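J.: One structure is given below, represented as structure tokens, and several questions about it will come after.
The values are calculated or read from the model by the stated rules, or taken from the named source; none is laboratory data. For clarity, every value in this text was computed on a predicted model and none was experimentally measured. Positions of Cβ are backbone-derived with ideal geometry, glycine not excepted, and every protein chain shown enters the neighbour counts.
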Amino acid sequence: MTLIKETDYGTPESKSEKMITLTIDGKSVTVPEGTSIMRAAMESGTEIPKLCATDSIKAFGSCRLCVIEVEGRFGTPASCTTPVAPGISVKTQTPRLAAIRKGVMELYISDHPLDCLTCAANGDCELQDMAGAVGLRDVRYGYDGANHVFARNSGEANFDWKPKDESNPYFSYDPSKCIVCNRCVRACEEVQGTFALTISGRGFDSRVSAGMDEAFFESECVSCGACVQACPTATLTEKSVIAIGQPEHSEVTTCAYCGVGCTFKAEMRGEEVVRLVPWKDGKANHGHSCIKGRFAYGYAHHGDRITEPMIRETIDQPWRVVSWDEALDFATSRMKAVQEKYGRNSIGAISSSRCTNEETYLVQKLVRAGYGNNNIDTCARVCHSPTGYGLNQAFGTSAGTQDFDSVDDADVILVIGANPTDAHPVFGSRMKKRLREGAKLIVIDPRRIDLVRSPHIQSDYHLPLKPGTNVAMVTALAHVIVMEGLANETFIRSRCDWEEYQDWATFVSRPENSPEALAATLGVSAADVRGAARLYATGGNAAIYYGLGVTEHAQGSTAVMGIANLAMATGNLGRRGVGVNPLRGQNNVQGSCDMGSFPHELPGYQHISGDKARAVFEEDWGVKLDREPGLRIPSMFDSAIEGLFKGLYVQGEDILQSDPDTRHVSAALANMECVIVQDLFLVETANYAHVFLPGATFLEKDGTFTNAERRIQRIRKVMSPKNGYGDWEITQLLANRLGMNWTYTNPSEIMDEIARLTPSFSGVSFEKLDRDGSVQWPCNDEAPNGMPIMHVEGFARGKGKFVITEYVPTDEKVGPRFPLLLTTGRILSQYNVGAQTRRTENSRWHEEDLLEIHPHDAEERGVHDGDWLKVQSRAGETTLRAKVTDRVAPGVVYTTFHHPMTQANVITTDNSDWATNCPEYKVTAVQISTSNGPTEWQERYRELSETSRRIAGAVDAAE
Amino acid sequence: MSHNSVEKLVKMANQIGAFFGAQKASQSAAGMAEHLMKFWDPRMRALIIEHVAHGGTGLDPIALEAVKKLPPVK
Ligand code: SF4
Ligand code: SF4
Ligand code: SF4
Ligand code: FES
């Protein structure tokens, strides 16, 4: 194992197809037009000294270290800012160039501390490297004059010196080491798109400053770390590097947080993580990351992590730490006893979108082949199940149509019910980059998300519709497209079922579907809806990106199909820059769905009732499979309350916190006789568990995740599991106690089995992934290298299907008792229910969940910023603090659900999507009143959590 | 059998009916029946079939028609 060092070509790649040939140091070099001479030299193996250039950002030309000579041209131009030209002859090293470089370095070093031996960047400093490269031997100027290096000059206070800024928990800023190369400023602008940094002052006074000369933590900085990565010196450095030292080996792995699927180099010293650095070759992130992926891995060592198995007879007892054998035997005999007493269908399992493909595959195999039923479901039920259903109906595959890179060719971006800058930050940055290049933007969201207006970005249309009216909106847009003759009939005739299209066109053309007729329902002006529809239909390549704000509704599946209709009607499918793109929540939502985690589907979306598909699995697994769909999560709970469902194995999922209607879920769990929770922490669900099996983090196991663009990527084990086993091994141990004789010794063997049984995965193997980095399914004989863009020639199902999407208002209506609509979302620094991120420094950015309320609604109720509020729905009540803001429209309130004590799901109801039962998180009618603090339920819940988390014999550190 | 549970199923069936009812008349009840076969587990189907056998109170016409098309649950 070695430390992966990526080549820095100095300037970004040119996308031109025209090739240019030139000579560099006597060697002939051919590169795309627009390439810098610096890059051309590096590609041919010659490294020209540089300081202010790096290939993630545009050339700047300020340091003058990279000078060259071009035959027949005067002077010594900078190679980073000079493009190649046909036939020129370049020299990268001459006595004149060497002298210039030495002079430049001498000046830099004269205002730089010489404490290299004790500097955190020692061994990883470009300034140090360049001093070596140019042969600097001597600095003639001395340190007595004006400088930024010393706090005092000859005993006098030095006002040019500034102390370190340690305000960010993850990195520090030491101005005394800054060479003002501007790389950090440009990274923040160009890569991240936050514009938090500037160079303040001029000349000698120039220095990097965050916000309005603020501390980093107080500024707009979102702590993505792009500036730290870009900094050539120790000025911006990870605190972990300062604490530990330079890494000695690294492995490429994939972020375990969100569906973007950023890949990282895990840079290690032994089994200790020194830092995670986004991988430049990562096809999803191209060397960028967000605060979660890069910095929030500390939960692996948090004191709350449980690393030993525990059991208890009943949930009012304290936990008893036992051996793995005892815990597994106990779990198995209980599950068996339940099945004997209550029947084969009385047990089931829930797999996790946080675990690997191989792990979710094994859990569903355990259920189908071991439990002998199909009671397997996954947390994707509560987020993107309507995507699977809706896109499968329309196109014939349950997945997004594009890769992320496709956004670079989009002319119009339509974001509906998604908040990419918070929930999918790295893709959000990509999108912002394209918007700054001039793409148009339509945002359909009840809330004014950051994209609507942020530095250098302004949406062309923001349609702040009322929560729950997506289907009406999509139909109104379609009305305009059809009635104004903007539909792409050539595309429709050749690619879709024409007759179905005509039925649909007749439906959307009805007068009651016009923006004017729907204006009151939507709460959006008809003119804006018309303008947005015209822009989408006529603005060039138009791409739709949507998220949970579309799926988590009573008509979630209908809205997904409506979105597919829009794309088909305008011909925005089957090429770059267009498409229908679901932004998935958790890292492996796509994968867990692909792996057969739904009760009605075998891996690869093969319906369980299909005799042919079932036969393939039956033969491979050597068992008979049940042909009936099993229980979905809500049915598991309902059956549990009826006393029919008694045993549940939950891998890596906190259903009690993440599922709607907490009271119902807790009553269901309390009714079970065997609940097995496999997780890192005693999560909320574990309050009701009889067996706790400690899980492993993504750093401690091998496997694959599949991101929102269907990209399958490796995660690699960089440290031994603290709990002893990878999660796949634990499932195997459970299975073998049921007599299943599994003999997997490595997750690669599980992937081989998946490839053998799943037509769309037949070309996937760890070997291929290790070789190619990643692949986007389908990957089989027809598409041996995967498929970045789908439906290029025709749809997977044949002809695209237009589905009629009649708007049915949700039952969740405002009225005198509950006059406001609550909608929910997430924020950048936290992740889902927060079990991991809350156990890192990320919590400093989001200490509690707040309720956003419009000033008008706040005034009416006498609510001020920071007041405790009681939020009541027909399901329950909770308390939160208020944040008064006009980001939400009057009549709408908004909160996140990252903290368990908030118990936001106490108020969400059991309404759900008609097709998939995906809960309607995004709309709950509520009333708000001021309150003195936590509700009785929250207090009782706190007590319950404390009692049920007791571990026998353990000393409670908190006391 | 809890009353509450059947009530939930009736609500869900009506929601599904509202979608299929909007599709072409020739496909709507059949489409809904197929949906129930594909996605509802046998327990749910048995409950709703039994409910329809007892009159099917609360079900919209299309949902009623679709449930009547379902084969008995073994
Ligand atoms: S961490 Fe990211 S957002 Fe913050 S200053 Fe650096 S680049 Fe900008
Ligand atoms: S902080 Fe680093 S990247 Fe930014 S200007 Fe200073 S040396 Fe350059
Ligand atoms: S959380 Fe998402 S955007 Fe952030 S680093 Fe991980 S995969 Fe990338
Ligand atoms: S690297 Fe070219 S001017 Fe700095």
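J.: Restrict the check to segment A:239-254 and report whether at least one residue is away from ligand 3 (no atom under 16 Å from the Cβ) and without any contact (Cβ under 8 Å) to a residue 24 or more places away in the chain.
T.: yes
J.: List pairs: first in segment A:719-740 and more than 22 Å from A:Ser250 (Cα to Cα), second surrounded by fewer than 17 Cβ atoms within 10 Å (Cβ to Cβ) and of a type outside the set (Phe, Trp, Tyr), Cβ under 6 Å, 6+ apart or cross-chain?
T.: Listed pairs, sorted by first residue: A:Asn723/A:Thr307.
J.: Can you confirm whether B:Met32 is at the interface with chain A (Cβ under 8 Å from one of its Cβ atoms) and part of a helix (DSSP H, G or I)?
T.: On the way: at the interface with chain A (Cβ under 8 Å from one of its Cβ atoms): no; part of a helix (DSSP H, G or I): yes.
No: the conditions fail for B:Met32.
J.: Scan segment A:226-241 and give yes if some residue there is away from ligand 2 (no atom under 15 Å from the Cβ) and under 17 Å from A:Asp124 (Cβ atoms), otherwise no. Walk me through it before giving the result.
T.: Narrowing segment A:226-241 to residues away from ligand 2 (no atom under 15 Å from the Cβ): A:239-240.
Going one step further and asking which of them are under 17 Å from A:Asp124 (Cβ atoms), we end up with A:239-240.
The answer is yes, given that some residue of segment A:226-241 is away from ligand 2 (no atom under 15 Å from the Cβ) and under 17 Å from A:Asp124 (Cβ atoms).
J.: Across segment A:188-247, what is the total count of residues that are modelled with pLDDT of 90 or more, within 16 Å of ligand 4 (Cβ to nearest atom) and touching a Ser or Thr at 6+ places or on another chain (Cβ under 7 Å)?
T.: So the answer is 1.
J.: Of all residues being over 19 Å from A:Ala735 (Cβ atoms), surrounded by 19 or more Cβ atoms within 10 Å (Cβ to Cβ) and touching a helix residue (DSSP H, G or I) at 6+ places or on another chain (Cβ under 7 Å) in segment A:606-628, which is nearest to the other protein chains (Cβ to nearest Cβ)? Just the residue, please.
T.: Here is the first cut: in segment A:606-628, the residues over 19 Å from A:Ala735 (Cβ atoms) are A:606-616, A:627-628.
The next check asks that each one be surrounded by 19 or more Cβ atoms within 10 Å (Cβ to Cβ); those that pass are A:606, A:608, A:613-614, A:628.
Narrowing further to those that are touching a helix residue (DSSP H, G or I) at 6+ places or on another chain (Cβ under 7 Å): A:606, A:608, A:628.
Details: A:Gln606: 12, A:Ile608: 9, A:Glu628: 5 Å.
Residue satisfying both the conditions and the ranking: A:Glu628.
J.: Is there any pair with a first residue in segment A:667-686 that is closer than 15 Å to A:Leu644 by Cβ and a second that is of a type in the set (Gly, Ala, Ser) and crowded, with 23+ Cβ neighbours inside 10 Å whose Cβ atoms are under 6 Å apart and which are 6 or more apart or on different chains, and what are they?
T.: Listed by first residue and then by second, the contacts come to A:Ala668/A:Ala640; A:Asn671/A:Ala640; A:Met672/A:Ala640; A:Cys674/A:Gly647.
J.: If A:Arg453 passes every condition in (1) in contact with a strand residue (DSSP E or B) (Cβ under 9 Å, 6 or more places away or on another chain); (2) modelled with pLDDT under 90; (3) of a type outside the set (A, V, I, L, M, F, W, C); (4) within 20 Å of A:Ala564 (Cβ to Cβ) but one, which one does it miss?
T.: (4)
J.: From the list A:Lys612, A:Lys624, exactly one residue is more than 22 Å from A:Gly396 (Cα to Cα), among the charged types (D, E, K, R) and free of Cβ contacts under 8 Å to residues at least 12 places away in the same chain. Which is it? Please lay out each step first, then the result.
T.: Numbers: A:Lys612 fails: more than 22 Å from A:Gly396 (Cα to Cα).
Of A:Lys612, A:Lys624, the one residue that is more than 22 Å from A:Gly396 (Cα to Cα), among the charged types (D, E, K, R) and free of Cβ contacts under 8 Å to residues at least 12 places away in the same chain is A:Lys624.
J.: Being crowded, with 17+ Cβ neighbours inside 10 Å, modelled with pLDDT under 85, touching a helix residue (DSSP H, G or I) at 6+ places or on another chain (Cβ under 9 Å) and not hydrophobic (A, V, I, L, M, F, W, C) is the requirement here; does A:Asn147 meet it? Please lay out each step first, then the result.
T.: Values: crowded, with 17+ Cβ neighbours inside 10 Å: yes; modelled with pLDDT under 85: yes; touching a helix residue (DSSP H, G or I) at 6+ places or on another chain (Cβ under 9 Å): yes; not hydrophobic (A, V, I, L, M, F, W, C): yes.
The answer is yes for A:Asn147.
J.: In segment A:191-212, what count of residues is obtained for those that are touching a residue at least 24 places away in the same chain (Cβ under 8 Å) and near ligand 1 (Cβ under 10 Å from one of its atoms)?
T.: 9
J.: Here's something else I'd like to know. Residues that are surrounded by fewer than 22 Cβ atoms within 10 Å (Cβ to Cβ): list the helices (runs of 4 or more DSSP H) wholly contained in segment A:280-367 that include at least 1 such residues. Write out each step before concluding.
T.: Values: elements: A:291-295, A:324-342, A:357-365.
By residue number, A:324-342.
J.: Only residues that are more than 27 Å from the chain's Cα centre (by Cα) and among the hydroxyl-bearing types (Ser, Thr, Tyr): list them for segment A:728-783, please.
T.: A:Thr743, A:Tyr744, A:Thr745
J.: Still on this model: Quick one: in segment B:35-57, which of the residues that are buried (at least 18 other Cβ atoms within 10 Å of the Cβ) and among the basic types (Lys, Arg) is nearest to the other protein chains (Cβ to nearest Cβ)?
T.: Taking the candidates together, the pick is B:Arg43.
J.: Another question about this same structure. When segment A:44-90 is examined, which residues are found to be under 45 Å from the mean Cα position of the chain (by Cα), assigned to a strand (DSSP E or B) and more than 11 Å from ligand 4 (Cβ to nearest atom)?
T.: A:Pro83, A:Val90
J.: When residues of segment A:634-660 are filtered for being modelled with pLDDT under 90 and hydrophobic (A, V, I, L, M, F, W, C), how many remain?
T.: Selection size over segment A:634-660: 2.
J.: Looking at A:Ser289 and the list (1) within 16 Å of the chain's Cα centre (by Cα); (2) among the hydroxyl-bearing types (Ser, Thr, Tyr); (3) more than 21 Å from A:Cys227 (Cβ to Cβ), which single condition is not satisfied?
T.: (3)
J.: Let me ask something else about it. One residue is enough: does segment A:97-107 have a residue meeting the conditions in a loop (DSSP other than H, G, I, E, B) and either in contact (Cβ under 8 Å) with a residue 24 or more places away in the chain or surrounded by 15 or more Cβ atoms within 10 Å (Cβ to Cβ) (or both)? Break it down into steps so the answer makes sense when it comes.
T.: Restricting attention to segment A:97-107, the residues satisfying the condition of being in a loop (DSSP other than H, G, I, E, B) are none.
No, segment A:97-107 contains no residue that is in a loop (DSSP other than H, G, I, E, B) and either in contact (Cβ under 8 Å) with a residue 24 or more places away in the chain or surrounded by 15 or more Cβ atoms within 10 Å (Cβ to Cβ) (or both).
J.: Checking the structure you have, find out if any residue of segment A:244-252 is within 25 Å of the chain's Cα centre (by Cα), within 26 Å of A:His112 (Cβ to Cβ) and crowded, with 19+ Cβ neighbours inside 10 Å.
T.: no
J.: Is it the case, given these coordinates, that A:Ala230 is surrounded by fewer than 24 Cβ atoms within 10 Å (Cβ to Cβ) and either free of Cβ contacts under 8 Å to residues at least 40 places away in the same chain or closer than 14 Å to A:His288 by Cα (or both)? Walk me through how you get there before you give the answer.
T.: Numbers: surrounded by fewer than 24 Cβ atoms within 10 Å (Cβ to Cβ): yes; either free of Cβ contacts under 8 Å to residues at least 40 places away in the same chain or closer than 14 Å to A:His288 by Cα (or both): yes.
In short, yes.
J.: Within segment A:128-142, is even one residue among the basic types (Lys, Arg) and under 29 Å from A:Leu22 (Cβ atoms)?
T.: As a first pass, look at segment A:128-142 and keep what is among the basic types (Lys, Arg): A:137, A:140.
Filter once more, keeping what is under 29 Å from A:Leu22 (Cβ atoms): none.
No, segment A:128-142 has no match at all.
J.: Which of the following residues is out of contact with any Gly (no Cβ under 6 Å at 6 or more places or on another chain), at pLDDT below 95 and more than 30 Å from A:Pro175 (Cβ to Cβ): A:Glu17, A:Glu106? It would help to see each step written out before you state the result.
T.: Details: A:Glu106 fails: more than 30 Å from A:Pro175 (Cβ to Cβ).
On inspection, the qualifying residue turns out to be A:Glu17.
J.: Follow-up. Can you tell me which condition B:Val73 does not meet? The list is (1) away from every other protein chain (no Cβ under 13 Å); (2) not in a helix (DSSP H, G or I), and all the others hold.
T.: Among (1) away from every other protein chain (no Cβ under 13 Å); (2) not in a helix (DSSP H, G or I), B:Val73 violates only (1).
J.: What is the number of the single condition among (1) within 13 Å of ligand 2 (Cβ to nearest atom); (2) over 13 Å from A:Cys221 (Cβ atoms) that A:Arg152 does not meet?
T.: Looking at each condition in turn, A:Arg152 falls short on (1).
J.: So, in segment A:508-564, of the ones that are among the hydroxyl-bearing types (Ser, Thr, Tyr) and touching a residue at least 40 places away in the same chain (Cβ under 8 Å), which residue ends up farthest from the other protein chains (Cβ to nearest Cβ)?
T.: Per the stated criteria, the residue is A:Thr538.
J.: Testing A:Leu820 on (1) of a type outside the set (D, E, K, R); (2) modelled with pLDDT of 80 or more; (3) farther than 30 Å from A:Leu477 by Cα; (4) touching a Gly at 6+ places or on another chain (Cβ under 7 Å), one condition comes back false. Which one is that?
T.: Result: A:Leu820 passes all but (3).
J.: For segment A:637-662, which residues satisfy the criterion of being at the interface with chain B (Cβ under 10 Å from one of its Cβ atoms) and either in contact with a His (Cβ under 7 Å, 6 or more places away or on another chain) or within 23 Å of A:Cys355 (Cβ to Cβ) (or both)?
T.: Within segment A:637-662, the subset at the interface with chain B (Cβ under 10 Å from one of its Cβ atoms) is A:638-639, A:641-645.
A:Phe645, the sole residue that qualifies.
J.: Still on this structure: Looking for something within 16 Å of ligand 3 (Cβ to nearest atom), in contact with a helix residue (DSSP H, G or I) (Cβ under 6 Å, 6 or more places away or on another chain) and of a type in the set (S, T, N, Q) - is there at least one such residue anywhere in segment A:225-234? Walk me through how you get there before you give the answer.
T.: Restricting attention to segment A:225-234, the residues satisfying the condition of being within 16 Å of ligand 3 (Cβ to nearest atom) are A:225-229.
From the residues that got through so far, the ones that are in contact with a helix residue (DSSP H, G or I) (Cβ under 6 Å, 6 or more places away or on another chain) too are A:225-227.
With of a type in the set (S, T, N, Q) added as a condition, the list becomes none.
Looking through segment A:225-234, none of the residues is within 16 Å of ligand 3 (Cβ to nearest atom), in contact with a helix residue (DSSP H, G or I) (Cβ under 6 Å, 6 or more places away or on another chain) and of a type in the set (S, T, N, Q).
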